[in-house]
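Comments concern the structure below.
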Amino acid sequence: MEKQRRVIALGFFDGVHMGHGALLRRVKETADALGAEPAAFTFDKSPTAALTGQTIPLLSTLEDRTELMAQLYGIKSVIIAPFDTMQHMDWEEFIADYLVEKMGAVHVVAGHDFHFGYMGEGNPERLRAKCQALGVGCDIIPKVELDGVTVSSTYIRTLIAQGEMERAVEFLGHPYRLTRQVTHGKRLGSRLGFPTVNLRIPEGVIVPAFGVYATRVWVLPVWPDNHEPPGPQHLPGEGPYMAVTNVGVRPTVEDGDQVTVESFLLDFNGDLYGRTVRAEFYKYLRPERKFPSVEALAEEIQHNADQTREFFWRVTANGSVPSAAP
């Protein structure tokens with residue numbers, strides 16, 4: 001069987017932001033021109049966290065990373081490598097034996113600061129020279145800036161931790177997202193008159209600033225495990241639904257220190273328990289705070305719902321609602 005020819009983007013791609021997008025767009029363009037498969041190479045965990053021992057929260061899970069690259073940039077395959085193994089590989093071996101021989105790379109694309117191999121000895125200059133010697137194409141993409149600020153996962157992480165979602169959307173090129181299975185909550189939504197979905201933030205993923213956000217929620221489709229044609233076990237996707245989403249510990253109902261993500265869905269009736277949903281965060285509306293009663297909380301959520309409707313009406317009218325729809 002003939003080996004798959006690939007054009008491969010190299011990086012960790014946490015968040016799949018606008019800087020990553022410059023690499024991924026080049027990969028897709030080059031792959032189309034060469035009749036090859038557009039692909040990306042990434043690691044199973046953060047190289048920076050592994051090398052420094054620091055706790056660095058991720059902007060996206062591996063699953064969201066993979067889906068964003070496919071949805072936004074047309075990447076057909078994502079190569080997920082174990083960092084613990086790859087960090088001990090000789091840099092020349094990584095290029096010649098792994099990328100070219102094993103993965104079928106005919107062209108690679110990397111960022112200006114990409115380092116690889118044992119002790120990080122591989123760098124963009126060595127990558128370009130080695131690829132030229134092997135007859136493999138190579139593009140090194142310079143840093144991407146917005147408003148004079150370098151687009152980076154580190155900067156976007158700061159924005160999300162501070163609740164600056166609108167600016168985070170600009171630098172990501174899409175809304176910050178959380179994709180999880182709906183879990184049982186305390187049935188607060190039924191008491192307040194809004195259907196709700198309760199999500200848990202995955203371990204190791206960043207927790208947005210506590211507070212209330214204007215969001216959109218997608219209900220993802222359910223397909224049979226064996227990929228047979230749709231049948232009774234298939235459930236179509238739904239949405240997006242506008243939602244008011246609270247991130248925090250819900251002080252009014254005394255949840256203790258348990259961090260929850262609870263979305264109050266607008267214009268929806270039904271129970272989504274057990275379904276997988278994707279919440280997209282667009283705008284920070286207010287800090288989380290304790291209300292004197294559940295009734296006062298319900299009144300405030302209605303106000304937040306009106307704010308959410310107005311926000312999406314305005315940005316839709318302007319044609320500026322970025323999304324990575326299922």
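Structural remarks
- Inter-site label distance for R167 and L235 at 7 Å from Cα along Cβ, in nm: 3.9
- Each residue, T55 and E93, gets one label point 7 Å from its Cα in the Cβ direction; the gap between the two is 3.5 nm.
- Cα long-axis angle, helix 294-317 against the chain (0 to 90 degrees, to the nearest 10): 50
- Checking (1) 19.7; (2) 23.5; (3) 21.5 against Kirkwood radius over Cα pairs in Å calculated from these atoms, the matching label is (3).
- Order of H107, H20 under a 10 Å beta carbon neighbour criterion, fewest first: H107, H20
- Across the range 47-53, rounded Karplus estimates of 3J(HN,Hα) from the backbone phi angles (6.51 cos²θ - 1.76 cosθ + 1.60, θ = phi - 60°) give x, 4, 5, 5, 7, 9, x Hz, Gly and Pro being marked x.
- For the range 74-102 and the range 257-299, distance of Cα centres in Å: 42
- With contacts taken as Cα pairs under 8 Å and at least 6 residues apart, the range 1-47 reaches a relative contact order of 54 percent.
- Size of electric dipole in the range 6-146: Cβ of Lys, Arg +1 and of Asp, Glu -1, about Cα centre, debye, nearest 20: 300
- Computed over the chain: relative contact order in percent, which uses C-alpha pairs under 8 Å that are six or more apart: 17
- Gyration tensor verdict on the range 8-110 (Cα atoms; rounded if a/c is under 1.5, prolate if a/b is larger than b/c, oblate otherwise): oblate
- Under 5 Å from the amide H of G11 lie the amide H atoms of F41, each residue being 5 or more positions distant or on a separate chain, with H modelled from the backbone and absent for Pro and chain starts.
- Applying the Karplus relation 6.51 cos²θ - 1.76 cosθ + 1.60 with θ = phi - 60° to the range 5-19 yields 3J(HN,Hα) values of 7, 10, 9, 10, 8, 10, x, 8, 6, 5, x, 6, 8, 5, x Hz, where x marks Gly and Pro.
- Stretch gain in nm, segment E63-D84, where the contour uses 0.36 nm per residue and the Cα spacing is subtracted: 5.6 nm
- Seen against the Cα atoms of the chain and their longest principal axis, helix 124-134 is set at about 50 degrees.
- Taking GluC sites (Glu not before Pro) across the range 1-66, the ones in a DSSP loop with at most 10 further Cβ atoms lying within 10 angstrom of their Cβ are E2.
- Within the chain, longest stretch clear of exposed trypsin sites (Lys or Arg not before Pro) (DSSP loop, no more than 13 other Cβ within 10 Å): 4-142
- Computed over the chain, the per-residue total of -39500 (n - 2.57) for DSSP H runs of n ≥ 4 gives a 222 nm mean residue ellipticity of -9000 deg cm²/dmol, rounded to 500.
Read-outs throughout are calculated quantities, based only on the coordinates presented, and are distinct from any laboratory measurement. As the structure is a prediction and not an experimental result, all values here were calculated from the model. A quick note on method: Cβ atoms are made from the backbone with ideal geometry, for glycine too, and the neighbour counts reach across all protein chains shown.
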